[in-house]
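The values are calculated or read from the model by the stated rules, or taken from the named source; none is laboratory data. Predicted model only: the values in this text are computed from it and were never measured. Here the Cβ is made from the backbone with ideal geometry for all residues, glycine too, and neighbour counts use every protein chain on show. The protein model used for the area step is the full one, side chains on, heavy atoms only, and it has no ligands, DNA or RNA in it. Shrake-Rupley method; radii C 1.70, N 1.55, O 1.52, S 1.80 Å.
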Amino acid sequence: RAAMGAEPLPRATLDLVAKPLHVFHWSQGCLEFTIDSSTRSRRTSSAMRAAMDVASLAARSCKGLCGKDTPRVAMDKAEEMLRGLSGWKMAADGTAISRAFVARNFMAAMAFFQGVAKVAEEEGHHPDLHLTGYRNVKVELSTHSIGGLSEADFIMAAKIDQVPVDYSPKWLENHAQQVPK
């Protein structure tokens, strides 16, 4: 870099650059990697895998996944997919997932609903939206044509998690773990 007229890199940066990151493979749902020859392989945490799963769900589309011939998601797979979605809960009968929170005020709740409506129209998969007490929000997802959960519900949940929310500060203080990352 100095030869090209740029400032030399700080020593700490040079140390990091000198240690290559070698990614070996994806195995049994875990990313295995080493940082240098003195570091053993490590597996990603379940939280990291869940974040990768949510990102891959959000990148997919629901279009064409919501007909009467759509397969239901098996309960074990639904529970696995749900673990990656912060704040979402499965109905007792396993036919729907939902997320609830308290918005800062009525306008914040309505702005969230507008964002969800835009995503729902683009994806062709529409959640049930509930507003009570002027700022208590609940979103429910289910594939009505099959009377249960399909992959489209989890894709839509991941996309809804990307819609900005202006949460009630008091609710946020007590429920920060339910806020999508």
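Quick notes on this structure:
- The listed residue being open to solvent by less than 50 Å² (accessible area, probe 1.4 Å) and under 15 Å from ARG60 (Cβ atoms), out of ALA108, ALA78, ALA157: ALA157
- Summed over the stretch 155-168, residues that are within 8 Å of the chain's Cα centre (by Cα) and of a type in the set (S, T, N, Q) total 1.
- Residues of the stretch 126-156 classified as in contact with a Cys (Cβ under 7 Å, 6 or more places away or on another chain) and either over 17 Å from ALA74 (Cα atoms) or without any contact (Cβ under 8 Å) to a residue 24 or more places away in the chain (or both), total: 1
- Residue within the stretch 169-180 that is within 18 Å of the chain's Cα centre (by Cα), open to solvent by 20 Å² or more (accessible area, probe 1.4 Å) and over 13 Å from VAL102 (Cα atoms) present: yes
- Close pairs (8 angstrom Cβ cut-off, 6 or more residues apart or separate chains): polar (S, T, N, Q) in the stretch 69-86, part of a loop (DSSP other than H, G, I, E, B) anywhere: THR70/SER150; SER86/ASP161; SER86/VAL179; SER86/PRO180; SER86/LYS181
- Only one of the listed residues (SER150, SER145) is over 18 Å from the mean Cα position of the chain (by Cα) and either at pLDDT below 95 or over 20 Å from ASP53 (Cα atoms) (or both). That residue is SER145.
- Scope the stretch 111-124; condition farther than 13 Å from VAL163 by Cα and buried (at least 16 other Cβ atoms within 10 Å of the Cβ); matching residues: GLU123
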